[in-house]
Amino acid sequence: MRRREMAETKKKIDKTLDADNAMLLKHLLDMELRRLREDNGIDIVLFIGVDGRTFASNIPNVLSAPQFRLLNLIKGNLPYICGQLYAENLKFSIQQYKHSTVIITGVGDNAFLASLIAKEVDLTNVQGLVKSLLRSSTVLRHVFELRPLTAGAMQGYDPEVVDELKKLSRLLFVEKFEDTRGFKRNQELLADFKKKIGSVVGVGNVEEVVTLTFNELGTNFAYMTNEQWMAFLKMAIDQHIRKLRGDLVADECANTWIPELERKLKSFV
């Protein structure tokens, strides 16, 4: 029954990740710009401060001639654009050139989003694009201001903004979970357990014991909590080491390893 409940709980977990350090924050900004550019057919997206600093961007690896000219045009006009946002608090602007279009969207009071399209855009049919840009501006502001990706922090947003922030959090989990402190902690604990178990049951039996125990718990090492690690160790000792090596060895392992694990788990807090 316990294994079934733990397996069902694991299935219900909505795996998301908050941007709790500078590296993850930058990756979150990059993901939103990538999604914005790819989903809306935009050639280049720049997230820039009113002081002219580029915080994040999404630019093709190889630029066509029109894209290159447009990027240079915006770089040349950057002081003027920054001045507009700083002095006049510009919120939204569409600038159409002979063979290109630039859409400026304010991101709070100190930054803006520049979307570069290397072709003329039908201004009578841009409602969908404008809606996407305004949504992304709100998303970028939320991330840039270091607000958490929680329900409380997202209260008051339009449903589309909330949905986009949740998608980014899930994508961040997929792409950067292995860089998190929790994953590295679990990786270290697993290596330590394998070494301990191997010293008792032999190297040839380690993977079998570990795999069977994880299967019985209905999870794997990456998502383990402190309580699950304690359950893992007790289960490995009682159901596998005891069977392979007898009560004397199993009791010695329990008396030694369980207090060690308790101390180690406290040290990770």
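Overview of results
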quantity	calculated
Residue check, E164 among the acidic types (D, E) and in contact (Cβ under 8 Å) with a residue 60 or more places away in the chain	yes
Pairs, first in contact (Cβ under 8 Å) with a residue 40 or more places away in the chain in the range 134-161, second in a loop (DSSP other than H, G, I, E, B) and among the small types (G, A, S), C-beta under 8 Å, six or more apart	V143/A19; F144/G108; L146/A19; L149/A19
Tally, over the range 154-204, of residues that are over 23 Å from T138 (Cα atoms), modelled with pLDDT of 80 or more, assigned to a helix (DSSP H, G or I) and not hydrophobic (A, V, I, L, M, F, W, C)	12
Breaking point among (1) closer than 22 Å to I59 by Cα; (2) of a type outside the set (S, T, Y); (3) surrounded by 15 or more Cβ atoms within 10 Å (Cβ to Cβ), for H99	(3)
Looking only at the range 82-119, and only at residues there that are charged (D, E, K, R) and under 16 Å from P66 (Cβ atoms), the one that is farthest from the chain's Cα centre (by Cα)	K98
Among (1) closer than 30 Å to S137 by Cβ; (2) part of a helix (DSSP H, G or I), the one test that L244 misses	(1)
Residue within the range 102-123 that is closer than 20 Å to L33 by Cα, of a type in the set (S, T, N, Q) and modelled with pLDDT of 90 or more present	yes
Any strands (runs of 3 or more DSSP E) falling wholly within the range 58-150 and containing at least 2 residues that are in contact with a helix residue (DSSP H, G or I) (Cβ under 6 Å, 6 or more places away or on another chain)	101-107, 111-117
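The values are calculated or read from the model by the stated rules, or taken from the named source; none is laboratory data. Everything quoted here is computed from the prediction, not taken from an experiment. FYI the Cβ positions are ideal-geometry reconstructions off the backbone, even for glycines, and counts take in every protein chain you see.
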